[in-house]
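The values are calculated or read from the model by the stated rules, or taken from the named source; none is laboratory data. Everything numeric here is computed off the predicted structure, so don't read it as measured data. When the accessible area is computed, the model is the full protein with side chains, heavy atoms only, and any ligands, DNA or RNA have been set aside. Shrake-Rupley method; radii C 1.70, N 1.55, O 1.52, S 1.80 Å.
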Amino acid sequence: MAEGDNNSAYQLASETASLEEHLQGWGEVILLTDKVLRWERAWFPLALMSVVSFSFLMIYYLDPSVLSGVSCLVMFLCLADYLVPALAPRIFGSNKWTTEQQQRFHEICSNLVKSRRRIVGWWKRLFSLKEEKPKMYFMTMLFTLAVVAWIGQQVHNLFLTYLIVSFLLLFPGLNQHGIITKYIGMAKREINKLLKHKEKKNE
């Protein structure tokens, strides 16, 4: 068991080091993005939502076709992949990293590797469920996809995408400031109160 844990830790460290090397040119941009997503300043959430809202308003106004939208997105990513590593050191001075910055960059890369592992793990469990309990797998998939299709039919696809993107971008800050934990705790307390009240009525 200990040997397996050591191998897993070694593999995690190896994958993290590889990702750090791969993203080194994006280091300062990643650190700045991390600060914004974690709301290190009070005005960051407002700035974040303003950028997201403006972007979606432009998409709504221009109303590009799917092909045009995908082409523009890929073109933007290609330009960023080319320009950011070249310009970031000149703008931010990446050669002057502090120990704290290096440690935070390491933590971000480690979290990205762990998230990728979780996604792969969920994917594998899904296929394991398909092999072990095919009926449950197909019923679950059909129900889930039907619910998603119904939601997509009720809500405009661009607005739905806006809500999803906004939630994903706000989630790190909400989690960092304990807002999610606070409301989950409140929901649990309310559910417990309802259950206790129901038990008293049954008595």
Is it true that Leu163 is within 21 Å of Asn111 (Cα to Cα), at pLDDT 90 or above and open to solvent by less than 100 Å² (accessible area, probe 1.4 Å)?
-> no
If we take region 1-112, then helices (runs of 4 or more DSSP H) inside it with 2 or more residues that are among the charged types (D, E, K, R) and open to solvent by 70 Å² or more (accessible area, probe 1.4 Å) are 2-22, 66-92
Matching residues, region 11-45, being over 19 Å from the mean Cα position of the chain (by Cα) and of a type in the set (A, V, I, L, M, F, W, C) = Leu12, Ala13, Ala17, Ala42, Trp43
